[in-house]
Amino acid sequence: MSAELLNFVVRWGHLLFGITWIGMLYYFNFVQGGYFKAATPEGLADAKKKLAPEALWWFRWGAMLTFITGVILLGGVHKNGQMNNFIAIGAVMGTLMFLNVWLVIWPAQKIALGMVEGDGPAASAKALLASRTNVLFSGPMAWGMLAGPHFSTSGAGYGSVVGGNGLWLALAVIAVLEANALFGKLGPLTTVKGVIHASVALTVVLAAVVIYL
């Protein structure tokens, strides 16, 4: 297989795995959460026993394969001198989202669903905050991964130098939000409408910071 064909296959896989991962993320936050609140006790018990574990399997392995293919693509971008601030931000947010899935959401969900022993309500709250933070990150993460090839007129297209005040300020904002995901509160992320609005707003803020600073 030629290097060009291999690169295409990896990009194709990255896209498909990413669709699976983020699609399941949106399903959990926009659909399943509301159903769990409205379901009958019997329906809730059945969903937690049969539906949620299977959905979480697709969710976490979609995240894993998206991350692996992303690392491969990132290595190629760096090798070819095509790294830029947009890609850097997207890669950082995607990595944090992946770590949230495997190190926070999945362990907490196993407790919340009764698969392992633990404090169910506390685990549910922990998983929800990390999951809502991933939804918050999903908008600007996708923007960062897509903007690089198209925004060359902004001075931050392929081949530009990584760094500058805009990048560091954007990374500081991301770090604060991730710290909140681990130790903070839901705040405006409590509702579906709130997290969608917050994700769009964060995308605008990070784009402005990177482009204009």
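Read the figures in this text as sums done on the coordinates, not as results from a lab. Only a predicted model underlies this, so the values are computations on that prediction, with no experimental measurement involved.
The distance from the alpha carbon centre of the stretch 1-35 to that of the stretch 60-93 is 13 Å, rounded to a whole number. Note on the stretch 7-127: semi-axes of the ellipsoid equivalent to its C-alpha gyration tensor, largest first and rounded to whole Å, are 33, 14, 11.
Using a ≥ b ≥ c from the Cα gyration tensor of the stretch 97-142 (square roots of the eigenvalues), is it rounded, prolate or oblate, where a/c under 1.5 gives rounded and otherwise the larger of a/b and b/c decides, a/b for prolate? Verdict is prolate for the stretch 97-142.
The string of couplings for the stretch 182-190 from the Karplus curve (6.51, -1.76, 1.60, θ = phi - 60°) is 8, 10, x, 10, 5, x, x, 7, 4 Hz, one whole number per residue in order, with x for Gly and Pro.
When the chain is treated as a GNM, springs tying every alpha-carbon pair under 10 Å, which of Val101, Val173, Val195 comes out with the largest mean-square fluctuation? The residue with the greatest mean-square fluctuation here is Val173. The mean sequence separation of alpha-carbon pairs under 8 Å and at least six residues apart, normalised by the residue count of the chain, gives a relative contact order of 23 percent.
When the convex hull of its Cα atoms is viewed from all sides, the stretch 3-212 shows a mean projected area of 12.0 nm². With a Cα cut-off of under 18 Å and a minimum spacing of 8 residues unless on different chains, the lysine pairs in the stretch 25-174 number 9.
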